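Colleague: Provided herewith is a single structure, encoded as structure tokens, for subsequent inquiry.
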Amino acid sequence: MSLLIDGFNLIYKFPELESMMYYGQLNSARTGLLDKLKEYQKIKKTVIRVVFDGKKDKAIETTNEKIGKIDVFYSLEYSADYLIKQFIKKDINPKMTIVVTSDKDIINYITRRGAKNITSEKFSEIVTSTLDEFQEKKELEKELSIKENPSVTEEEISYWQKLFRKNR
């Protein structure tokens, strides 16, 4: 399965990224989303494509780039909706693609083509819980490794060395 994500639709489902958007910090919000998705991708090992409306930057006509292992597309003069529909239309096996969006028009289109959908609201919950669980697991493993590796005193080492020498 691969994920095809409606970038701005998903940004607004993370409160900290949404507030950046309201303060006009578009690049920071976009970077924040991509950072979350990179961490998610490391854990879930899935192919991710993200589509954003418009340009990456006013002066740059970039249509796509790779951020880590994530393919990022910019719609330029088209809408992200149009690009998402084109990806699904040209997909050899759309049943293997999950489109992350809450846009009803896109959902209707991709469903007719056989692709699956998960709403941006639900996916943001999945990403957040996955990242939180992974962080908790790392912290627990760190605590356990400290408990499992107690220090051995010189006295204990000496005792065991003497014991093993006797049995020879």
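Colleague: Is it fair to say LYS56 is open to solvent by 20 Å² or more (accessible area, probe 1.4 Å) and under 18 Å from GLN25 (Cβ atoms)?
Modeller: On the way: open to solvent by 20 Å² or more (accessible area, probe 1.4 Å): yes; under 18 Å from GLN25 (Cβ atoms): yes.
It is true that LYS56 is open to solvent by 20 Å² or more (accessible area, probe 1.4 Å) and under 18 Å from GLN25 (Cβ atoms).
Colleague: Check LYS13, LYS42 and return the single one that is within 16 Å of the chain's Cα centre (by Cα), part of a helix (DSSP H, G or I) and not hydrophobic (A, V, I, L, M, F, W, C). Break it down into steps so the answer makes sense when it comes.
Modeller: Numbers: LYS13 fails: part of a helix (DSSP H, G or I).
So the residue among LYS13, LYS42 that is within 16 Å of the chain's Cα centre (by Cα), part of a helix (DSSP H, G or I) and not hydrophobic (A, V, I, L, M, F, W, C) is LYS42.
Colleague: Within the stretch 83-97, does at least one residue satisfy the condition of being of a type in the set (S, T, N, Q) and either open to solvent by less than 30 Å² (accessible area, probe 1.4 Å) or touching a helix residue (DSSP H, G or I) at 6+ places or on another chain (Cβ under 9 Å) (or both)?
Modeller: There is at least one residue in the stretch 83-97 that is of a type in the set (S, T, N, Q) and either open to solvent by less than 30 Å² (accessible area, probe 1.4 Å) or touching a helix residue (DSSP H, G or I) at 6+ places or on another chain (Cβ under 9 Å) (or both).
Colleague: Ok, one more. Here are ALA80, ALA115: which of them is at pLDDT below 95 and touching a helix residue (DSSP H, G or I) at 6+ places or on another chain (Cβ under 8 Å)? Step through it out loud before you land on a result.
Modeller: On the way: ALA115 fails: at pLDDT below 95.
Selected residue: ALA80, the only one of ALA80, ALA115 that is at pLDDT below 95 and touching a helix residue (DSSP H, G or I) at 6+ places or on another chain (Cβ under 8 Å).
Colleague: Hey, another quick one. Restricting to the stretch 15-47, give me the number of residues that are aliphatic (A, V, I, L, M), touching a residue at least 24 places away in the same chain (Cβ under 8 Å) and either open to solvent by 20 Å² or more (accessible area, probe 1.4 Å) or touching an Asp or Glu at 6+ places or on another chain (Cβ under 7 Å) (or both). If you could, list the steps in order and put the result at the bottom.
Modeller: Of the residues in the stretch 15-47, the ones aliphatic (A, V, I, L, M) are 17, 20-21, 26, 29, 33-34, 37, 43, 47.
Now restrict to residues that are touching a residue at least 24 places away in the same chain (Cβ under 8 Å): 33-34, 37, 43, 47.
Still in the list and also either open to solvent by 20 Å² or more (accessible area, probe 1.4 Å) or touching an Asp or Glu at 6+ places or on another chain (Cβ under 7 Å) (or both): 43, 47.
Count: 2.
Colleague: Answer yes if at least one residue in the stretch 134-146 is touching a residue at least 40 places away in the same chain (Cβ under 8 Å) and either under 26 Å from TYR40 (Cα atoms) or open to solvent by 90 Å² or more (accessible area, probe 1.4 Å) (or both), and no otherwise.
Modeller: yes
The values are calculated or read from the model by the stated rules, or taken from the named source; none is laboratory data. Just so it is clear, the structure is predicted and the values come from calculations on it, not from any experiment. Note: ideal-geometry Cβ built from the backbone for every residue, glycine included; neighbour counts use all protein chains shown. The accessibility values were calculated without ligands, DNA or RNA, using every heavy atom of the protein model including side chains. Shrake-Rupley method; radii C 1.70, N 1.55, O 1.52, S 1.80 Å.
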